[in-house]
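Beneath this line is the structure, given in C-alpha cells, with notes to follow.
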Amino acid sequence: TDRYAVIGNPISHSQSPFIHTEFARACQLDIQYEKLFAELDKFEQVVAEFVAAGGKGMNVTLPFKGNAYRMATELTERARAAEAVNTLSFRDGKVYGDNTDGVGLVRDIVENLDFPIAGQRVLILGAGGAVRGVLAPILEQKPAALTIANRTLIKAEALAHQFAAWGEISATGYERLEGKTFDLVINATSTSLSNELPPVPYGVFTARTLAYDMVYSKGLTPFLKRAQSENAGMLADGLGMLVEQAAESFSIWHGVQPETRKVTNMLRDVLA
Ligand code: ATR
C-alpha cells in the first residue's frame, strides 16, 4: 500500500484524506492517505521522515507551500510561477514540486460552473499567496483583462508586473473600482476566514457576473452575501476548487483523472 499525506499547521480540519480516499475507492486503487502536523520549524524534518518511511507523495497546505517550493529539486512551470508548491512527489531520490491550486480553480469555474474565462473581464481581490498561486492558469485562459485589487496597492502592482508576460494584467486599489463592472469577481483575500468583507465598492457585480469565493463554508461568506444582495448572476464558494486541486494531485501521482462531482456533493452534505 503506497503512502500519501497532507501536511499543514493546523491540519485537523483538512478534507484531503476524505477526498483522496474516495477518489482511490472509485478508481479501485489501494492507497493510504494520512494527515501530518508539523511544528512551524519542523516542516523539512517531518517530510524527510515521511520519505524515509516510504512515503510517495504529499499535499502541502498552509503555511508550508513556500517551504515545499524551496525543498523541491524539480519544479513545474506553474509551481515556479506560483513560487509555491502544494503537491510533492518523491521518486528516485528526487523531490518533484507542482502546484495544482490554479488549475483546480480554473476547472471549477470553466468546467463545473460552465463559465468560460476566455474573453471575460476578471477581477481578483487580494494579492497574497492565494492569488500568486492562481494567476498563471487564469491568464492562460486568455481573459479580456485581469485586474488585481488589493488594500496594499504595491503588492498588487508587484504581481501585475511579475505576471505581465502571461497576459493582460493590471493592478488597482479598491477605491478605483468605483463605476466599473466585471464578468467574474474572485475573492482571494483572507477576509472570509474572519467573517469580514473586502472593501469592494457597490456596483462591480452585474446580472451576468460570477462571484467566486476561494474560501468554502456552510453558509454564504460575507463576500458572497454582498454579491447576492447586488443580484450577481451566479455565486460559488471554493469547495469545487478544493476537490479539483485534489483531483489534479491525484492524477499526477496515479496517472488517472478521478471523477469529482460525486465527491464534491458528498463534502457539501458533510458541511451542511
Ligand atoms: P494568502 O496566502 O491566503 O493570500 P496573505 O498572503 O496573508 O494570505 O494575504 C491575505 C490577503 O488578504 C492580502 O491581499 C490582504 O491584503 P493586504 O495585502 O493589504 O494585507 C487581504 N486582506 C486581509 N484582510 C483584509 C481586509 N480586512 N480587507 C481587505 N483585504 C484584506
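Values in this text are rule-based calculations from the coordinates and carry no lab data. Please read these numbers as outputs of a predicted model, since none were measured by experiment. Positions of Cβ are generated from backbone atoms using ideal geometry, with glycine treated the same way; all protein chains shown enter the neighbour counts.
What is the sum of charges, Lys and Arg at +1 and Asp and Glu at -1, for the other residues whose Cβ falls under 14 Å from the Cβ of residue 199?
Value of the local net charge: 0.
Using helices alone, I'd like the mean residue ellipticity at 222 nm for the chain: each DSSP H run of four-plus residues gives -39500 (n - 2.57), total over residue count, nearest 500.
When only DSSP H runs of four or more count, the value is -10500 deg cm²/dmol.
Arrange the following residues from fewest to most other Cβ atoms within 10 Å of their Cβ: 142, 35. Present the calculation step by step, with values, prior to reporting the outcome.
Values: 142 14, 35 17.
Going from least to most buried by this count: 142, 35.
Counting other Cβ atoms within 10 Å, keep those with at most 10, restrict to DSSP loop, and tell me which GluC sites (Glu not before Pro) in the stretch 1-47 are left.
For GluC sites (Glu not before Pro) across the stretch 1-47 that sit outside H, G, I, E and B with at most 10 neighbouring Cβ atoms in 10 Å, the list reads 39.
Would you mind checking the tilt of helix 16-26 against the longest principal axis of the Cα atoms of the chain, expressed as 0 to 90 degrees and rounded to 10?
70 degrees
Listing 253, 166 from the residue with the fewest other Cβ atoms within 10 Å to the one with the most, what is the order? Please report the intermediate quantities before stating the final value.
Working: 253 19, 166 15.
Lowest to highest Cβ neighbour count: 166, 253.
Taking 8 Å as the Cα distance limit and 6 or more residues as the minimum spacing, I'd like the relative contact order of the stretch 1-106 as a percentage.
26 percent
To the nearest 20 Debye, how big is the dipole of the stretch 102-237 about its Cα centre, given +1 on the beta carbon of each Lys and Arg and -1 on that of each Asp and Glu? Don't jump to the answer; show the numbers that get you there.
Details: 12 positive and 13 negative charges, 33 e Å.
My answer is approximately 160 debye.
Could you work out the Kirkwood radius for the chain, taking every pair of different alpha carbons, averaging 1/r and inverting it, reported in Å? Please report the intermediate quantities before stating the final value.
Values: mean 1/r = 0.0525 Å⁻¹.
Over the chain, the inverse of the mean reciprocal pair distance is 19.1 Å.
Starting from the amide H of residue 57, placed 1.01 Å from N in the peptide plane, find each other amide H under 5 Å away whose residue is 5 or more places distant or on another chain.
Amide H neighbours of residue 57, under 5 Å, 5+ apart: 5, 90.
Test of understanding: what is the full-extension gain from residue 39 to residue 80, defined as 0.36 nm times their sequence separation minus their Cα-Cα distance?
Working it through step by step, the gained length comes to 12.2 nm.
Given a 10 angstrom Cα cut-off, can you work out which residue in 82, 72, 164 is the most mobile in a GNM of the chain?
It is 164.
So which of 94/142; 35/142; 155/262; 42/225; 65/142; 42/262 end up more than 32 Å apart, counting from Cα to Cα?
Violating the 32 Å limit, Cα to Cα: 94/142; 35/142; 155/262; 42/225; 42/262.
Can you sort 212, 202 from fewest to most other Cβ atoms within 10 Å of each residue's own Cβ?
Ranked by crowding around the Cβ, least crowded first: 202, 212.
Using the crude model of +1 on Lys and Arg Cβ and -1 on Asp and Glu Cβ, and no other charge, please compute the dipole size for the chain relative to its Cα centre, in debye to 20. Could you put the intermediate results ahead of the total?
Details: 26 positive and 31 negative charges, 59 e Å.
Roughly 280 debye for the chain.
Report the trypsin sites (Lys or Arg not before Pro) located in the stretch 163-272 that are in a DSSP loop and have at most 16 other Cβ atoms inside 10 Å of their Cβ, or state none. Don't skip to the answer; put the middle values down first.
Details: sites: 176, 180, 208, 218, 225, 226, 261, 262, 268; in loops: 180, 208, 218.
For trypsin sites (Lys or Arg not before Pro) across the stretch 163-272 that sit outside H, G, I, E and B with at most 16 neighbouring Cβ atoms in 10 Å, the list reads 180, 208, 218.
With a 10 Å cut-off between alpha carbons and a GNM built on the chain, which of 98, 30, 108 moves the most?
Result: 30 has the largest fluctuation of those listed.
Cα atoms only, the stretch 154-232: Rg and Dmax in Å?
Answer for the stretch 154-232, Rg first and Dmax second: 13.3, 38 Å.
Rounded to the nearest 5, what % of DSSP beta bridges with both residues in the chain are antiparallel?
Around 20 percent of the beta bridges assigned by DSSP in the chain are antiparallel ones.
Nearest 10 degrees, 0 to 90: what angle lies between the long axis of helix 153-162 and the longest principal axis of the chain (Cα atoms)?
60 degrees
Taking a cut-off of 16 Å, what percent of all Cα-Cα pairs in the stretch 1-82 are separated by more than that? Don't jump to the answer; show the numbers that get you there.
Numbers: 1776 of 3321 pairs.
Everything past 16 Å amounts to 53 percent.
With springs only between Cα atoms under 10 Å apart, run a GNM on the chain and tell me which of 103, 51, 243 wobbles the most.
Comparing 103, 51, 243 in the GNM, the peak value goes to 51.
For the chain, with the dipole built from +1 on Lys and Arg beta-carbon atoms and -1 on Asp and Glu ones, taken about the Cα centre, which of 129, 102, 222 lies farthest toward the positive end?
222
I'd like the Kirkwood hydrodynamic radius of the stretch 102-237, using the inverse of the mean 1/r over distinct C-alpha pairs, in Å.
About 14.5 Å, per the Kirkwood formula over Cα pairs.
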